[in-house]
Amino acid sequence: MEHAGPLWIGAISDQAFIEQIIKENQTTAFKSNGKITKLLNQLKGEATAPPTYYVIDKLSGKLKLPAPSNQSFLTALHSSDFQAVPTHFNPRGIKTNAPALAMHEVLTDLVASK
């Protein structure tokens, strides 16, 4: 972890508001409805996630391990009883409540099982 200055650690989105926008998107014929729906559903999943995130490739690189797919890493974290969701702003980013040591163990086990 690097020092980044003051950080906001509270909720950064409102799940109820996102649900209202999803309903509005379903009743309005926007040109990009599919992309909008995908983004809104991802934001809805992130609404209750921890505020910080990790990039799988960077984590794997620091541990000198091959980077797993997003889905396999998310599944492995869920199997270890951690909350984990993909981020909307980084295709290789995840938000999780798993501590760094647990993520190291999950990633090492995941790579070893392949």
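Could you state the accessible area per residue of region 11-114 in Å², with a 1.4 Å probe and every protein chain left in place?
Numbers: 6520 Å² over 104 residues.
It amounts to 63 Å² per residue over region 11-114.
I'm spelling it out carefully: the read-out is Rg and Dmax of the Cα atoms in Å, the candidates are (i) 17.3, 52; (ii) 14.5, 43; (iii) 16.1, 48, and one was derived from this structure. Which label?
Matching entry in (i) 17.3, 52; (ii) 14.5, 43; (iii) 16.1, 48: (iii).
I'd like the orientation of helix 100-112 relative to the chain: the angle between its Cα long axis and the longest Cα principal axis, in ° from 0 to 90, rounded to 10.
80
Under a point-charge model restricted to the Cβ atoms of Lys and Arg (+1) and Asp and Glu (-1), what is the dipole moment magnitude of the chain relative to its Cα centre, in debye to the nearest 20?
So the magnitude is around 420 debye.
Using the Cβ atoms and a cut-off under 12 Å, what net charge is assigned to the surroundings of residue 66, where Lys and Arg are +1 and Asp and Glu are -1?
Charge balance in the 12 Å sphere: +1.
Would you calculate a helix-derived [θ] at 222 nm for the chain, using -39,500 (n - 2.57) for each DSSP H run of n ≥ 4 and dividing by the full residue count, to the nearest 500? Numbers along the way, then the final one.
Values: 5 runs with 57 residues, N = 114.
Value at 222 nm, helices only, nearest 500: -15500 deg cm²/dmol.
The values are calculated or read from the model by the stated rules, or taken from the named source; none is laboratory data. Bear in mind the structure is a predicted one, so any value in this text is a computation, not a measurement. In this analysis, Cβ positions are derived from the backbone assuming ideal geometry, glycine residues included, and neighbour counts consider all displayed protein chains. Ligands, DNA and RNA are excluded from the accessible area calculation, which covers all protein heavy atoms including side chains. Shrake-Rupley method; radii C 1.70, N 1.55, O 1.52, S 1.80 Å.
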